[in-house]
Amino acid sequence: MAIRNALRSTALAPILVAARRMWPGVAIFLATIGLTLLFWALLPASLSGDDGSDYSAFYAPVARNLVAGHGLQLPDGSAATRYPPGYPLLLAGGFALAAVLHLPEAAVQAALVLLCLGAAATLLWSVARSVWGSRLAAGVALIWATYPFMLWLTKQPSSEVPFVAFFYAGLALAWHALRAGRRTALALGAAGALLGVAMLIRPLAVGVGLLVAGLILVGWRPTPPRIRLGMALAVLLGNLLVVGPWEVWLIGQTGGLPLLSTGGVASMRDGLTFAVNAKGYRQAVAVPPDVLALMATVRSRSDDLNSVGRLAGFLAQTATAQPATVARLFAIKAARSWYATDSARSERLILGVQLLYLVPIVGAGLAIRRRGPPQARRLLNAVILLAGYFWLMTILALSVLRYMVPAMGLLLLLLPAVLPLRLLPARAPASDGRP
């Protein structure tokens, strides 16, 4: 005890305090990596293959061209505009590192997945701790680390895991800066930049920067409007500095005005034809006959419906003539967003597992509305808006659970509210300027 008191009274005291605050986050990080490694070890070999073709058809070839100094292009020499450059750039760095260290590319890819997933869990923990305290936050992080559909995405190279890490990093930095009263342009600009990196990894996040800026403008009261405007602009500026150069290059390559990538229309068409477009691996999906006929029409006109404007115009015209059919189509897509897979396999099982998470989450949200402290209500509002954004974007694209996984991590932040009041902190941890 005497030694401990002596250490606390010396110049080492700040270091000891910092270490004490850091170790739970380090433990969460390492536990997440360990749980992921355990999942990989237990996963049968028959299930460990790559379920998609984007990696081999686009991401890896573009990354290898980057390493070779050929720029953002496909093997045939055409510009790589189907997806944004964030994930190929990360892969290129990994491939270059693997070559220097004489390691297999697969080992570097696995390390990237582990680092990103560990970081994502730690970031969720840091946000949850600011509302529920460290112990309950650890529970949130561990639930996320064992969430089966996040773990499933780690079994193969994919852009989802790096996206989640950068997306949560931007949100967590913005949350902590705002909560602690740090109204500096630097912190919020950095948050916007991190969100911009996430946008360059997954184009589904195209509107996230605007949404976060809007949350600050509308929801961060009682901060004066002028200050809120400045904070929102800082987020947008950081966002624009990261995304802007790519968007300028993309416009120059295409001659049009695509947002982040040229793949949006194809994804939207796929989402409108999933029941009639087997792709050689999809199982049959039962939909009402009128919806099936509408999907067949969209597929037959794929060459004509080759822009967002034309697709939206066709749907508007169809909704005028067949409102019930279009309503049924989008109701199906809205529901499938929470459990569907691209292959349409095991969807009933996935729905059952999802309900084990979604029912308590809904209960937690209702509990926060009834009796939650102001900080928890603020978190609830932000989570609802962000999850709603991902739900809307998933409905507009191919409606599969994979696109909703980042939102599921945010929804898990609400879970402690289902506990009895005696187990919750009497008040939110104080805003002391620390994350």
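The values are calculated or read from the model by the stated rules, or taken from the named source; none is laboratory data. A quick note: this is a predicted structure, and the numbers were derived from the prediction, not measured. Here the Cβ positions follow ideal geometry from the backbone for every residue, glycine too, while neighbour counts run over all protein chains shown.
Taking into account only those residues within segment 261-281 that are in contact (Cβ under 8 Å) with a residue 40 or more places away in the chain and among the hydroxyl-bearing types (Ser, Thr, Tyr), which is surrounded by the most Cβ atoms within 10 Å (Cβ to Cβ)?
Across segment 261-281, the extreme among qualifying residues is Ser261.
With the requirement that a residue be part of a loop (DSSP other than H, G, I, E, B) and either under 27 Å from the mean Cα position of the chain (by Cα) or aliphatic (A, V, I, L, M) (or both), what does segment 65-84 give you?
Matches in segment 65-84: Ala68, Gly71, Leu72, Leu74, Ala80, Thr81, Arg82, Tyr83, Pro84.
Which members of segment 222-236 meet the condition of being assigned to a loop (DSSP other than H, G, I, E, B) and either touching a helix residue (DSSP H, G or I) at 6+ places or on another chain (Cβ under 8 Å) or small (Gly, Ala, Ser) (or both)?
Selection gives Thr223 alone.
Which condition does Ser48 not pass, out of (1) within 20 Å of Gln109 (Cα to Cα); (2) crowded, with 16+ Cβ neighbours inside 10 Å; (3) in contact with a helix residue (DSSP H, G or I) (Cβ under 8 Å, 6 or more places away or on another chain), if it passes all the others?
(2)
Restricted to segment 381-435, and to residues that are more than 27 Å from Pro203 (Cβ to Cβ), in a helix (DSSP H, G or I) and touching a Pro at 6+ places or on another chain (Cβ under 7 Å), which residue is modelled with the highest pLDDT?
Per the criteria, the residue is Leu415.
Could you pull out the residue among Tyr55, Tyr59 that is assigned to a helix (DSSP H, G or I), closer than 28 Å to Asn239 by Cβ and at pLDDT 90 or above?
Tyr59
On the phi < 0 side of the Ramachandran plot and either within 26 Å of the chain's Cα centre (by Cα) or among the polar types (S, T, N, Q) (or both), is that true of Arg378?
Against the criterion (on the phi < 0 side of the Ramachandran plot and either within 26 Å of the chain's Cα centre (by Cα) or among the polar types (S, T, N, Q) (or both)), Arg378 qualifies.
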